[in-house]
Amino acid sequence: MGHMTHEESVKSATKWIIVLAVITICEVLFALLGKGYLIEGVEVATWIMALVMIIMSLVKAYLIVYEFMHMKYEVPGLVKSVLLPTLLLVWAVIAFFWEGADWNKRRTLIDDKNKETVETVRTTGQTGELIKELEQ
Amino acid sequence: MAETLTHTDTHHDHNEGDAWDGGKQPFKASYGKLMMWYFLLSDAFTFAGFLIAYGALRIAMPSWPIADKVFSTFPGGFHEKPLYFVTLMTFILLFSSYTMVRAVQDGHREYKKGIVVWMFLTILGGLAFLGCQAWEWSTLIGKEHMTITKNPFGTTTEAGTYLDPELGSFEVGHSYLLHKYHAPHAAHDDHGHGHGHDDHAEDHAAGHDDEHHLPGFTKTDATYTKPGDYPYAVVNEDGFILHKYKVTSGEDAGKTKTETLGPKAFGALFFFITGFHGFHVFSGVVFLIIIMVNVASGLYVKRRNGYEMVEKIGLYWHFVDLVWVFVFLVFYLI
């Protein structure tokens, strides 16, 4: 950071901490709004909430890494070697959430199957005779 | 041998830009800083593993505790204040990140006094965060009886009406907290003198105990003295009061059911993830103290590298804040 005077870098840090604080307040207000705490009867769909929250969190993460951890001033090789591997997590998230959703589906299926009742069907012929015999 | 060595020396002299000669900094960062970055990358994967496990298990369950009901207490006996306390914690960590930046900036201009002061403020921030977490944990464990295997926070998947008239009816997705009944304390039995069980029960009913201010605790609840099946509720072996309700929606409409404990994994995930993060904060505070003392003693002046050690602990400290952004996201916001 040879290119910034001390006063400039202090000013920059102060600016970004305020931005981060404002984003955090927005997140909390949006969470409260979405769940119907702020305005009676107003609620936001869960997926929109999640999407907005994730985007705001990623913006915060970017600011912390680039401004506070000075990733901005590192050479491209370092930036790539640290940040590119995290892209693997994108697939990890997709794969594990997919799997989790499938567990949920199976659990529901088993619950539904457990609720099913079977009525005894009286049949004729050999099977029917067998059932009668067994019941006696 | 001697010849070979001479040859190598000559080779060395003629190729000053050779990458193997040493003294070069790959990526123009010092060894320590570069390795701190790679450590943080690996740590990010550890946290990602934890958080992804949380997400996968949460998606796998038909219902999940609602965060703003679980984390809704505030010191001083306040309840139903969703997200207030955890927002305070977030701000404490965020501003300790700012004081850390200032310490690093004073390091660049070799201003010792400034570094010590800003690092000291960062340590205070870290300790305040840990204090908040201790309070949050003790509330969850001590008052709300959450453990790594038992989670008293649940969410209904159907609408219904409680048999206890004090509790009324609820919608689909209603969030509840199971309370424990109060066995007559052994300590009181020992004292004995004129302080019978009945008096004690009245004490509770009158709400002397802070726990009874928790939402959803009824007068009937205060009368339970031992596990068993009661008209309005079942008190299980662990002492949790499971209220009975009549289902009013879905396939099971008309049936009477009993509340159940919430998803088991919730407690383990919460304590392990916030605990692992808290452990990072704790180690961060320890290193901050060590480095602050070293700065104050003038150790780093001799190194003449612009207080690089402060920069390295700064990277770590910001990372702890970065992880909290995501813990805050998955546990509290979504």
Inside 10 Å of the C-beta atoms of B:31-43, what's the mean count of C-beta atoms belonging to other chains? 2
Explain nothing, just compute: Karplus ³J(HN,Hα) = 6.51 cos²θ - 1.76 cosθ + 1.60, θ = phi - 60°, for every residue of segment B:107-122 in order, whole Hz, x for Gly and Pro. x, 4, 9, 6, 9, 4, 4, x, 4, 4, 5, 5, 5, 4, 5, 4
Computed over the Cα atoms of segment A:76-123, what is the convex hull's projected area averaged over all directions, in nm²? 4.5 nm²
Along segment B:65-72, Karplus-curve 3J(HN,Hα) (6.51, -1.76, 1.60; θ = phi - 60°) to the nearest Hz, with x for Gly and Pro, reads x, 8, 3, 6, 8, 5, 9, 10
Mind computing the radius of gyration and Dmax over the alpha-carbon atoms of segment A:1-73? Å is fine for both. 16.3, 54
Using Cβ counts within 10 Å as a stand-in for footprinting exposure, how do B:37, A:16 rank, fewest first? A:16, B:37
Stretch residue B:120-residue B:302 to full length: gain in nm at 0.36 nm per residue minus the Cα-Cα span? 63.3 nm
Pop out the Kirkwood hydrodynamic radius of segment B:79-188 from its pairwise C-alpha distances, inverse of mean 1/r, in Å to one decimal. 18.1 Å
Report the full-extension gain for the segment residue B:225 to residue B:135: residue separation times 0.36 nm, less the Cα-Cα distance, to one decimal in nm. 29.5 nm
Inter-label distance, nm, simple model (7 Å from Cα along the C-beta direction), residue B:282/residue B:80: 3.6 nm
Spin-label pair residue B:112/residue A:40, simplified geometry with 7 Å Cα→Cβ offset, distance in nm: 6.4 nm
What is the ratio of the Cα radius of gyration of segment B:213-334 to 2.2 N^0.38 Å, with N the residue count, to two decimals? 1.88
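What 222 nm value per residue comes from the helices of chain A, counting each DSSP H run with n ≥ 4 as -39,500 (n - 2.57) and dividing by all residues, nearest 500 deg cm²/dmol?
Rounded to the nearest 500, it is -23500 deg cm²/dmol.
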Scan around residue B:179 for amide H atoms under 5 Å from its own, H built in the peptide plane at 1.01 Å from N, and keep only partners 5 or more places away or cross-chain. B:241
Which of A:72/B:33; A:11/A:60; B:81/B:257; A:15/B:302; B:69/B:150; B:150/B:244 have a Cα-Cα distance over 22 Å? B:81/B:257; A:15/B:302
Run the numbers for residue B:253 and residue B:38: contour at 0.36 nm per residue of separation, minus the present Cα-Cα distance, in nm. 71.8 nm
Can you compute log10 of I(q)/I(0) for segment A:12-136 with the Debye formula, treating each Cα as one identical point scatterer, at q = 0.16 Å⁻¹? -1.05
Pairs of Cα atoms under 8 Å, at least six residues apart: use those to get the relative contact order of segment B:210-334, whole percent. 13 percent
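Within 10 Å of each Cβ of B:21-27, how many other protein chain Cβ atoms are there on average?
That works out to 2 on average.
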Starting from the eigenvalues of the Cα gyration tensor, five times each then square-rooted, give me the equivalent ellipsoid semi-axes of the protein assembly as shown, largest first, whole Å. 55, 31, 21
Between residue A:99 and residue B:260, what is the label-to-label distance in nm when each label sits 7 Å out along the Cα-to-Cβ direction? 2.4 nm
What FRET efficiency, computed as 1/(1 + (r/R0)^6) with R0 = 22 Å and r the Cβ-Cβ distance, is obtained for residue B:293 and residue A:6, rounded to the nearest 0.05? 0.35
Efficiency of FRET from Cβ geometry, residue B:21 and residue A:51, R₀ 30 Å, rounded to 0.05: 0.05
Can you quote the Å³ per residue value for the convex hull of the Cα atoms in segment B:229-274, rounded to an integer? 106 Å³
HN-Hα J couplings of segment B:130-143 from phi, Karplus 6.51/-1.76/1.60, θ = phi - 60°, integer Hz, Gly and Pro as x? 4, x, 4, 5, 4, 5, 4, 5, 5, 5, 5, 7, x, 9
Peptide A:87-95, shielding by other chains (average Cβ, 10 Å cutoff): 2
Distance between the C-alpha centers of segment B:275-308 and segment B:87-151? Whole Å please. 15 Å
What residues have an amide H closer than 5 Å to that of residue A:70, excluding those fewer than 5 places away on the same chain, when H is modeled at 1.01 Å from N in the peptide plane? none
Name the residues whose placed amide hydrogens come within less than 5 Å of the amide hydrogen of residue B:233, ignoring near sequence neighbours (fewer than 5 apart) on the same chain. B:244
Which of the GluC sites (Glu not before Pro) across segment A:10-55 are loop residues per DSSP, with 13 or fewer other Cβ within 10 Å? A:40, A:43
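None of the figures in this text is laboratory data; all of them are computed from the coordinates on show. Here the structure is a predicted model, which means the values were calculated and not measured. Glycine gets a Cβ as well: all are built from the backbone with ideal geometry, and neighbour counts include every protein chain shown.
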